[in-house]
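Take a look at the structure set out below.
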Amino acid sequence: MASLNSPDSSPPNISFSIRETRKTTTTTTAAATSSTAGRRFYRSSSTKEPSFSQFPFTPPHLNNCPSLPQSFHNSPATSPLHPASTTAAAPTKLSDLLISHRCVSSVLKKDGQILSIAIFNDILYTGSDSNLVRIWKLPDFTECGQLKTKASMAVALQVSHDKVYAAYSDCKIRVWRRNWDRGLKHLRLATIPATGNYVRSYISGKDKMMKHMGPITSLAINISDDVLYSSSLDKSVKIWRISDFKCVETIQAHCEPINAIIAADDGLLYTASDDATVRVWRRNFSRSDRPTHSLVITLPTKFSPVKTLSLATDSGLLYGGCSDGYLHFWLKGWFSGQLKYGGSLQGHTHAVMCLATVGKYVVSGSADTTCRVWARDEVDYQMHTCLAVLVGHRGPVRCVAAFSGSVSEEVVEEADDGCTICSGSLDGVLKVWRVTCTKNGTRNRSLQNGTEYSDVM
């Protein structure tokens with residue numbers, strides 16, 4: 001088994017605090033306040049803002065978190081767990097840009113906790129701990145349908161061009177076919193594994209491990225290879241053939257529960273686990289006498305369980321969110337093509353529960369009830385800057401999705417380089433955010449039209 005060691009780390013299970021970086025953050029705050037002197041910002045207004053009096057959840061007290069009056073701040077140069085030489089937190093110069101963010105919409109459907117989000121083109125799917133998967137139409141963000149099942153808790157969602165896959169708490173996956181004949185429609189295709197096939201296989205003794213023995217945590221699709229991947233708390237990854245929905249392989253991938261998986265277009269599979277590692281697997285095609293997937297490398301993450309993964313396809317960066325609040329990332333070497341440790345991003349005070357990437361942006365959702373939007377330097381991929389902290393949820397942020405462009409029909413300036421973010425929380429609320437990076441020349445025109453925002457609800 002190959003191994004790639006990260007830089008030296010502190011003892012495990014260290015209590016996370018950003019008190020040590022208060023000086024750095026204060027300095028950045030003063031600079032940002034000075035550069036924005038004389039500006040007037042307008043607070044956005046929410047739509048469908050719910051009442052949270054019925055929710056028993058109380059958000060954590062962030063006594064150690066410094067105030068963040070500005071709409072962006074730079075990630076500190078050092079962190080409690082990582083030395084300065086390995087933390088990719090050097091600030092990106094943003095003096096020529098105006099960073100703004102606002103909450104576009106906030107929706108409460110009383111389905112319980114929102115557990116999963118998937119987006120494909122202009123259609124957004126959200127799963128909760130009810131038996132409904134809701135379908136939303138973008139950019140106007142209106143509900144346009146539902147997928148109903150007898151099972152509850154859609155814990156993971158994946159969408160391809162013509163199919164929707166939803167994993168439920170009963171350890172099974174439901175599949176729908178999408179078509180646009182006189183409007184968007186969904187036809188129920190299959191349940192994976194099929195009950196009859198599972199019972200026959202169990203009795204005959206051919207495959208007693210066809211079904212996951214624990215709740216499914218994540219799904220991934222590789223359309224070109226005709227496979228669907230599912231990970232589970234039973235520490236295994238199963239590979240399903242999409243053409244007939246049969247299990248073709250089971251990987252005993254980790255010694256602890258698996259929390260997230262990603263299937264890349266180059267045939268690599270990434271798995272994240274509570275054993276504080278990310279493992280990379282390659283699918284083999286040439287030799288039939290070997291396992292279909294073989295382990296390529298193991299990436300340690302400083303003794304902290306890895307809860308979520310995201311892959312920036314344009315740059316090849318792999319991001320892993322951990323339970324200690326850190327966001328680690330790895331880069332592909334220019335010549336070897338192997339992943340090497342790039343650094344970590346500090347900011348969250350609780351576990352990072354979900355990630356999404358679009359273009360140069362990375363969005364992280366956390367149990368501290370906030371989302372953070374990071375921008376990757378387009379020249380030096382090890383440099384990241386925190387552009388915005390999205391505050392508004394009253395429960396842990398469980399899932400996020402991001403896409404470029406706006407969710408409204410308003411005209412977007414050519415200088416506008418931002419993204420739209422959908423976040424689902426355990427408070428049962430779905431929020432849509434807009435983050436923009438606008439040049440100062442465009443800012444003056446926006447102020448005249450009254451369209452600039454710098455605060456969130």
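Just so it is clear, none of the values below were taken in a lab; they were calculated from the coordinates. Predicted model, so just to flag it, every value in this text is computed and none were measured. Using ideal geometry, Cβ is built from the backbone for each residue, glycine included, and neighbour counts are taken over all protein chains shown.
Calculate the spin-label point distance for D181 paired with S404, positioning each point 7 Å from the Cα along the beta-carbon direction, and give it in nanometres.
Rounded to a tenth, the inter-label distance reads 3.5 nm.
What's the ranking of 248-256, 385-393 by average number of surrounding C-beta atoms within 10 Å, highest first?
Going from most to least packed, we get 385-393, 248-256.
Amide H neighbours of I242 under 5 Å, counting only residues 5+ apart in sequence or on other chains, H built in-plane at 1.01 Å?
Distant-sequence amide H within range of I242: V227, L228.
Excluding residues on the same chain fewer than 8 positions from K211, give the lysines whose Cα lies under 25 Å from its Cα.
K211 reaches K148, K150, K163, K172, K235, K238, K246, K307.
Subtracting the Cα-Cα distance from 0.36 nm times the residue separation, let me have the gained length for K137 to S224 in nm, one decimal.
28.6 nm
Hey, could you pull the Cα Rg and Dmax for region 346-403, both in Å?
11.3, 37
Nearest 0.05, what FRET efficiency do S169 and D377 give at R0 = 41 Å with Cβ-Cβ as r?
For R0 = 41 Å, the calculated efficiency reads 0.50.
Would you calculate the separation in nanometres between label points at T250 and S152, each defined as 7 Å from the Cα along the Cα-to-beta-carbon direction?
Result: 2.9 nm between the two label points.
Kindly give Rg over Rh for region 247-372, based on alpha-carbon atoms, with the Kirkwood expression for the hydrodynamic radius.
Using Cα coordinates only, the ratio equals 0.98.
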